Amino acid sequence: MPKPPKTKPKTYPKIQPKKIKPKVQPKPVSITTSKFYWISLTTIIVIAVLGYGFLTGVAMQKIVLIMLTLFSVIALAWYIRVKPSTMPTKLRATYMFVGAAVVGFSIWAVTVVVLGATGLGMQVSNLLGDQLFIITSQVIFFVAGAFIGEWVGLNRTSISSFFGKLRK
């Protein structure tokens, strides 16, 4: 009897699982990154503060000081939210906090001492009121200190090299 021909078993191609490419997720849309939001916020605050001031008969100097305070806080929030930074977030926050707490408070304290020593402090407090002047000026100087802290953080290498040259 003849031998049956040798047949190779059929091999089926292995089915490879499809590689799933991760879909590129679009960045979530945030209202706080649009110019319209910041312009609208500022406009609404101006209208609200002016309306409140005129309806209650608050002096124009107080209205202006309140608006300057609110504008400085809005400017800081806009800067943090919209302007990208090359520093890591924690480091940026640290520089801004130290700038606000140390530099901003120091500038405010020097300003208050100078106003008190020159006698201008009484005029300012009579015009605006002690509490309003103290609180609003502190906020403004803290925000200015935060901006200074951010600037120091961004330029820390050139600042340290400058002070290194002074030591030599």
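The values are calculated or read from the model by the stated rules, or taken from the named source; none is laboratory data. Quantities reported herein were computed from a predicted structural model and do not represent experimental measurements. Note: ideal-geometry Cβ built from the backbone for every residue, glycine included; neighbour counts use all protein chains shown.
Residues in segment 116-140 that are over 19 Å from the mean Cα position of the chain (by Cα), of a type in the set (A, V, I, L, M, F, W, C) and closer than 21 Å to A100 by Cα: L132, F133, I134, I135.
Residue check: S158 meets all listed conditions (1) outside any helix (DSSP H, G or I); (2) surrounded by fewer than 11 Cβ atoms within 10 Å (Cβ to Cβ); (3) of a type in the set (S, T, Y) but one, namely (1).
Could you grab me the full set of residues in segment 141-168 that are among the aliphatic types (A, V, I, L, M) and more than 15 Å from V98 (Cα to Cα)? Listed by number, the residues that qualify are I159, L166. A Cβ distance below 9 Å, combined with a sequence gap of six or more or placement on separate chains, defines the contacts here; from segment 121-147, residues that are at positive phi reach no residue that is surrounded by 18 or more Cβ atoms within 10 Å (Cβ to Cβ).
Against the test of being within 17 Å of I148 (Cα to Cα) and not basic (K, R), the options A59, A48, A93 yield a single qualifying residue, A93. Report whether or not F163 is among the aromatic types (F, W, Y), over 30 Å from T32 (Cβ atoms) and loosely packed, with under 14 Cβ neighbours inside 10 Å. When the stated conditions are applied, F163 passes them. The set of residues in segment 63-114 being surrounded by 13 or more Cβ atoms within 10 Å (Cβ to Cβ), out of contact with any Ser or Thr (no Cβ under 8 Å at 6 or more places or on another chain) and either modelled with pLDDT under 90 or on the phi > 0 side of the Ramachandran plot (or both) consists of S85, M87.
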